[in-house]
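Presented below is the structure to which this report refers.
The values are calculated or read from the model by the stated rules, or taken from the named source; none is laboratory data. All of these numbers come straight from a predicted model, not from anything done at the bench. Positions of Cβ are backbone-derived with ideal geometry, glycine not excepted, and every protein chain shown enters the neighbour counts.
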Amino acid sequence: MKRCGSFSSLNHRMARVGRDLKDNEAPTPPPQPWTVTPDFTHHAHTASLSAVAVNSKYVVTGSRDESIQIYDMRKKVEHGALLQHNGTITCLEFYGTAHLLSGAEDGLICIWNTKRWECLKSIKAHKGHVTSLSIHPSGKLALSVGTDKTLRTWNLVEGRSAFIKNLKQNAHIIKWSPDGEKYVTVITNKVDIYKLDTASITGTITIEKRISSIRFITDSVLAIAGDDEIIRFYSCDSQKCLCEFKAHENRIKDIYSFEREGQHVIVTASSDGYIKVWNLDLNKINNVPSLLCEVSTKARLTCLAVWLDQASEMKENCGKAATSTEANESEKPSAVKKKKVCGMNKSGKLTKQRRRIVPAKRKLEAPLQKKKKKQNSSE
C-alpha cells in the first residue's frame with residue numbers, strides 16, 4: 001500500500017512540475033522591428049503622380065503629365081517612357097511579367113507587352129474617364145469602371161468588350177478577390193460586393209468617409225481606408241467590421257499587402273508623409289496589427305506599391321516601397337539619359353509620338369496568358 005501510495009505521490013509531483021513548466025514557457029516573441037532606408041530616388045514626372053504598379057522587375061508610374069515612366073529596379077535605372085495616352089494616367093496594373101494594363105482620362109485602356117514595351121491593343125473603354133481597372137487572376141478577364149457610370153467586363157483573350165453593366169453612380173475603384181470568385185466596386189463611401197457567377201450584389205459595406213483605397217487581405221477579408229486616419233478590416237461574407245485602428249495622423253491614401261517569410265505585411269501611406277509597415281496575424285484578425293517600422297518621407301504621398309527584391313529577400317529586412325509624391329508642376333523635367341525611350345526625338349526631348357497599335361480586327365495572341373496557344377473561350 002505504501003508503494004502504491006508513493007507512485008501516486010510521484011505522479012502527482014510530476015504532473016505539478018509539468019504544469020509549472022507549461023506556465024513558465026516563454027510566450028511567442030513579437031515580430032522584430034524592420035528598418036526602411038532610401039534605395040533609389042528619381043524625379044519621375046513634371047506633375048503629381050496618380051498611379052504606380054510593380055512586378056518582379058519593373059516599377060511603373062503614371063502621372064497627370066500624361067506619361068508612364070518605367071524603372072528597372074534590378075539595375076536601379078530609368079528604363080523609358082510610354083506616351084500613348086492623352087490625359088491623366090488613372091490606373092496601372094501588371095499581369096505577371098509580360099503584360100501591363102493602363103487606363104487614363106482619355107477613356108482608353110492600353111495593353112502593353114513588357115518585353116518590347118509596345119502597345120498591343122488600345123481599347124476605347126469608356127465614354128468618360130477610366131477611373132479604375134482590375135485583372136482577373138486567370139488573366140482572361142478584366143474589369144473597368146469609368147465616369148460614364150458603367151462597369152465593363154473585357155475579354156482579354158480577344159481584346160474586346162464582353163459585358164456592360166450600368167451603375168447608378170460613378171465608381172472610382174474596382175478590385176478582384178485573390179481567388180477570382182468575387183469583385184468589389186467602390187462608389188464614394190460604399191463598397192458593393194459582387195459574385196462572379198451571378199454578377200449580382202451579395203452585400204454592401206458603408207463607412208462614414210469617402211473611401212480612398214481597398215485591398216483584399218484574404219479571399220474574404222477586405223482592408224478599407226477612407227479619408228480619415230483609420231484602417232478597417234471587414235468580412236465580405238457578413239459585411240461586419242472585424243477590426244479598426246488608427247494608423248496615421250492624417251487621411252490614408254493607399255494600402256498595400258504582401259507575404260514575406262511567413263508574415264502577412266500591410267503597408268500604408270498617408271497625406272501626413274508617413275509610410276508605415278504593419279504585421280497582421282491572420283489567426284487573430286480581430287487584434288490590432290503590430291507596427292514593424294515607419295518612415296517620414298516629408299512629402300505628400302499620393303499612391304503606394306511595394307517592390308520585393310526576390311534575389312536578396314533573405315538578406316534584407318524590409319521590402320522596398322515605391323512611393324509617389326505630389327511634384328511641383330512648375331518644375332522642369334530632368335533630362336532623360338536612356339537611349340531607348342518611347343517617344344524621344346533626336347534632340348533628346350520627349351515628344352508626343354504614338355506607338356503602333358494592333359488593328360482592331362486582329363485577334364490578340366492570348367495577351368495575358370503565358371502560353372502561346374490560341375484561346376477559343378469567349379467569356
Next on the checklist: From the list Thr88, Thr61, exactly one residue is farther than 22 Å from Thr153 by Cβ and surrounded by 21 or more Cβ atoms within 10 Å (Cβ to Cβ). Which is it?
Outcome noted: Thr61
Checklist entry - What number of residues in segment 32-47 are under 16 Å from Thr302 (Cα atoms) and either touching a Gly at 6+ places or on another chain (Cβ under 8 Å) or hydrophobic (A, V, I, L, M, F, W, C) (or both)? => result 2
Checklist entry - Would it be correct to say that Ile207 is free of Cβ contacts under 8 Å to residues at least 60 places away in the same chain and hydrophobic (A, V, I, L, M, F, W, C)? => result yes
Checklist outcome for this item: Of the residues in segment 163-194 that are among the basic types (Lys, Arg) and surrounded by 16 or more Cβ atoms within 10 Å (Cβ to Cβ), the one that is nearest to Ser257 (Cα to Cα) is Lys175
Checklist entry - Is there a residue in segment 276-296 that is out of contact with any Pro (no Cβ under 7 Å at 6 or more places or on another chain), part of a loop (DSSP other than H, G, I, E, B) and among the aliphatic types (A, V, I, L, M)? => result yes
Item to check | Condition met for Ser132 (under 20 Å from Cys303 (Cα atoms), out of contact with any helix residue (DSSP H, G or I) (no Cβ under 8 Å at 6 or more places or on another chain), surrounded by fewer than 23 Cβ atoms within 10 Å (Cβ to Cβ) and among the small types (Gly, Ala, Ser)) | outcome: yes
Next on the checklist: For segment 75-83, check the following and say yes or no: at least one residue is outside any loop (DSSP other than H, G, I, E, B) and either under 23 Å from Ala125 (Cα atoms) or basic (Lys, Arg) (or both).
Outcome noted: yes
Checklist entry - Hey, among Ser56, Ser138, Ser132, Ser122, which residue is assigned to a strand (DSSP E or B), within 18 Å of the chain's Cα centre (by Cα) and in contact (Cβ under 8 Å) with a residue 24 or more places away in the chain? => result Ser132
Item to check | Top-ranked residue in segment 195-224 [being part of a loop (DSSP other than H, G, I, E, B) and more than 22 Å from Phe258 (Cα to Cα); ranked as nearest to the chain's Cα centre (by Cα)] | outcome: Arg210
Checklist entry - Of the residues Ile230, Ile255, which single one is touching a residue at least 12 places away in the same chain (Cβ under 8 Å), under 22 Å from Leu301 (Cα atoms), among the aliphatic types (A, V, I, L, M) and surrounded by 19 or more Cβ atoms within 10 Å (Cβ to Cβ)? => result Ile255
Item to check | Residues of segment 27-64 satisfying the condition of being at pLDDT 90 or above and in contact with a Pro (Cβ under 8 Å, 6 or more places away or on another chain) | outcome: His45, Thr46
Item to check | Any chance Ser200 is small (Gly, Ala, Ser), at negative phi and surrounded by 14 or more Cβ atoms within 10 Å (Cβ to Cβ) | outcome: no
Checklist entry - Any chance segment 90-106 includes a residue that's polar (S, T, N, Q), part of a strand (DSSP E or B) and under 18 Å from the mean Cα position of the chain (by Cα)? => result yes
